[in-house]
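Accompanying notes for the structure given below.
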Amino acid sequence: MNISEDIVTKVFSEIDFEEILDYLIQEIKAKNYLITRVSNIDNIHDRDVLKSPSSIKFKYYKIVEFCNLESCSRLISSDLLAGVFMPVKFIVYQPLGKKQIFISFLSPISFARLFNSKEMMSIAKIIENDMYDVLEEIDF
């Protein structure tokens, strides 16, 4: 894998973090995916025991995990080890001192290549196209 090629990132400006997170979740659901978890990594800022606050480089950081049960089941059935990449996810973050908000994801096609499976690749292409569509829909 090559990080610069296999991780897709889109930058958003002039929008509130919570607003963009809400749009992202709405668009994921509109594509018939189930939100399985939203991890609030930025809750670290609320901890009193934080040893070195200066080591934290983000203001906001969320991991949005999602799955379409049918495509996920087909993907995993093509190779049971594919589950290590499931569910797929977007990360939504805002670095400290920046106004821009970033949304990134690991290309499903890039992990499907590891398995050399035509079935997995065809499903990964659908998922990746959906992920690009989600990003396009929230770009207003």
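Computed from the coordinates by the stated procedures, all read-outs in this text should not be read as laboratory data. As the structure is a prediction and not an experimental result, all values here were calculated from the model. FYI the Cβ positions are ideal-geometry reconstructions off the backbone, even for glycines, and counts take in every protein chain you see.
Per the helix-only calculation at 222 nm, which mean residue ellipticity applies to the chain, given -39500 (n - 2.57) for every DSSP H run of n ≥ 4 and division by its residues, nearest 500 deg cm²/dmol?
-11500 deg cm²/dmol
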Review point. If we count every other residue with Cβ under 14 angstrom of LEU96's Cβ, Lys/Arg +1 and Asp/Glu -1, where does the sum land?
Key: +3
Exercise for review: Please report, in debye to the nearest 20, how large the charge dipole of the range 3-137 is about its Cα centre when each Lys and Arg carries +1 at its beta carbon and each Asp and Glu carries -1 there.
Suggested key: 460 debye
Exercise for review: Please order TYR23, TYR93 by the number of other Cβ within 10 Å, starting at the fewest.
Suggested key: TYR23, TYR93
Check your understanding: Taking a threshold of 18 Å on the Cα-Cα distance, which of the pairs LYS59/LYS89; LYS89/LYS125; LYS29/LYS98; LYS10/LYS98 fall above it?
Key -> LYS59/LYS89; LYS29/LYS98
Check your understanding: Any idea what the relative contact order of the chain is, in percent, if you count C-alpha pairs under 8 Å spaced at least 6 apart?
Key -> 31 percent
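Give me LEU34, LEU21 sorted ascending by neighbouring Cβ count inside 10 Å, so fewest comes first.
Ascending number of Cβ neighbours within 10 Å: LEU34, LEU21.
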Practice item. Determine how many Å³ per residue the convex hull of the Cα atoms of the range 1-100 encloses. Key: 146 Å³
